[in-house]
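Asker: Here it is: the structure, laid out below.
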Amino acid sequence: MRKNLTAALALQLCIAVPALAHGVRGYPIVAAPSPLQQLYDLAISAAWAGNVSITIDGDYRVIRSDGLPDHDTGTFPNRGNPNRISAQHYEVRVPARPQLPARDTALQLQSFGFAINGVPFDPGAAEFWNGDRNWQYEAMSGAVPLGLDQNNAHVQPNGAYHYHGLPTGLLARFAGAKTPVLVGWAADGFPIYGPYDYSDASARNSPLTKMRASWRVKSGARNGGPGGSYDGSFVQDYEYVAGLGSLDECNGRSGVTPEFPSGIYHYVLTDTFPFIPRCFRGTPDQSFARGRPAGGDAGKGAQREPGKGPPPEALDACRGKSNGAACYFTGRQNEALSGSCFTPPDASGQPACRPDRGGPGKR
């Protein structure tokens, strides 16, 4: 009850918090966190007490979370996902005064941002056709069994629960909201809303409407790779068409919001591809770099003796898979690793996950 009441207070504060502004691409952004904005962050932290805190520290908004969802989840492990949910130890920061540089930044295999309940938004999957990184399976397509639950989420090997699409359990808390709902913060500091926004980006008194992404499945047949017709199974099956929907290539728009009545660039989650943005209009903070944010103690598993073959996590990652299949596991320093399965000479014929040389990745 306390959590629901405090969440309602936070929602009311959303309407009251003003934006201090200077112009960027036609709309202003936060010039400095006002006392009311800091009060809003405190209210959010209280609303999800025990899960997450969101505070202003100098030029940054700092997010600390154990990553445990506040809503019902599916059953984990399940047929498509062998991992159990466990508490993490997230601490990341995002700019409190985000800027829009001249160029966008592509999202790598990393978290896009965090929801207000402390769960990461993590759209990409480290699943590739025959290990070919030019053909990445789209997590929401169902082309590979990832064990997503009713919240479009599943669990990494280290126990980290994360969203690949609309966080339906979180959004259910705001059912019937009359204004756009702030659901999180992106790694570049810009706010995340969704899936509804004002129909007129410049008018807070305009009715809400569900935002439409400007991406679509390409027509025709794939050139190389898995072959066959484009059908949305792969990220590369989609193309951006400017003006097709109401959002830009990064699934965002500039306009007024309850928290920023003078306007701000903001992202919007959608129920069609890309679901969660696949690029940043701003510059993501380094605390979101590949292999971070770090999780908890889960996934470390048993230790092997030096020179005695692959670690248990690498073997588990390829259990039931054939050589060349994409795989992922958590390393000894809790870094997320991805690679392909191969059969080492000292594993009794069992394939193990061999990390790519390019460094840590994630699912």
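Asker: On the basis of being hydroxyl-bearing (Ser, Thr, Tyr) and either buried (at least 19 other Cβ atoms within 10 Å of the Cβ) or in contact with a Ser or Thr (Cβ under 7 Å, 6 or more places away or on another chain) (or both), does Thr209 make the cut?
Answerer: Yes; evaluated as a whole, the condition is true for this residue.
Asker: Within region 125-141, track down each residue that is without any contact (Cβ under 8 Å) to a residue 60 or more places away in the chain and in a loop (DSSP other than H, G, I, E, B). First the steps, then the outcome.
Answerer: The first filter runs over region 125-141 and keeps only residues without any contact (Cβ under 8 Å) to a residue 60 or more places away in the chain, leaving 133, 139.
Across region 125-141, the qualifying residue is only Arg133.
Asker: Conditions first: (1) out of contact with any Phe, Trp or Tyr (no Cβ under 9 Å at 6 or more places or on another chain); (2) at pLDDT below 95; (3) surrounded by fewer than 21 Cβ atoms within 10 Å (Cβ to Cβ). Ala294 passes all but one, so which condition is the exception?
Answerer: (1)
Asker: Which of the strands (runs of 3 or more DSSP E) contained wholly in region 172-264 include at least 2 residues that are out of contact with any Phe, Trp or Tyr (no Cβ under 8 Å at 6 or more places or on another chain) and farther than 20 Å from Pro123 by Cα? Let's see the steps before the verdict.
Answerer: On the way: elements: 182-186, 191-193, 196-198, 208-210, 215-217, 238-240, 252-255.
In region 172-264, 196-198 are the strands (runs of 3 or more DSSP E) which contain 2 or more residues that are out of contact with any Phe, Trp or Tyr (no Cβ under 8 Å at 6 or more places or on another chain) and farther than 20 Å from Pro123 by Cα.
Asker: Quickly run through region 60-87 and pick out the residues that are farther than 26 Å from Gly252 by Cβ and assigned to a strand (DSSP E or B).
Answerer: Asn78, Asn81
Asker: For region 142-171, what are the residues that are part of a helix (DSSP H, G or I) and surrounded by fewer than 18 Cβ atoms within 10 Å (Cβ to Cβ)?
Answerer: Selection gives Thr168 alone.
Asker: Considering only residues that are in contact (Cβ under 8 Å) with a residue 12 or more places away in the chain, assigned to a loop (DSSP other than H, G, I, E, B) and among the charged types (D, E, K, R), which ones fall in region 88-114?
Answerer: Within region 88-114, Arg97, Asp104 meet the criteria.
Asker: If the Cβ limit is 8 Å and pairs must be 6+ apart or interchain, which residue in region 71-84 that is closer than 15 Å to Asn151 by Cβ pairs with which residue that is basic (Lys, Arg)?
Answerer: As it stands, the answer is His71/Arg173; Phe76/Arg84, since those pairs meet every condition given.
Asker: Only one of (1) farther than 15 Å from Phe114 by Cβ; (2) β-branched (Val, Ile, Thr); (3) crowded, with 24+ Cβ neighbours inside 10 Å is not met by Val183, so which one is it?
Answerer: Of everything listed in (1) farther than 15 Å from Phe114 by Cβ; (2) β-branched (Val, Ile, Thr); (3) crowded, with 24+ Cβ neighbours inside 10 Å, Val183 misses just condition (1).
Asker: What number of residues within region 152-193 are over 23 Å from Ala87 (Cα atoms), of a type outside the set (Ser, Thr, Tyr) and touching a helix residue (DSSP H, G or I) at 6+ places or on another chain (Cβ under 8 Å)?
Answerer: Number of matching residues: 4.
Asker: So which residues in region 265-286 are outside any loop (DSSP other than H, G, I, E, B) and either touching a helix residue (DSSP H, G or I) at 6+ places or on another chain (Cβ under 7 Å) or at pLDDT 95 or above (or both), if there are any at all?
Answerer: Filtering region 265-286 for residues outside any loop (DSSP other than H, G, I, E, B) gives 265-268, 279-280, 286.
Result: Tyr265, His266, Tyr267, Val268, Cys279, Phe280.
The values are calculated or read from the model by the stated rules, or taken from the named source; none is laboratory data. These figures come from a predicted structure and were not determined experimentally. Note that each Cβ is placed from the backbone with ideal geometry, even for glycine, and that neighbours are counted across all protein chains shown.
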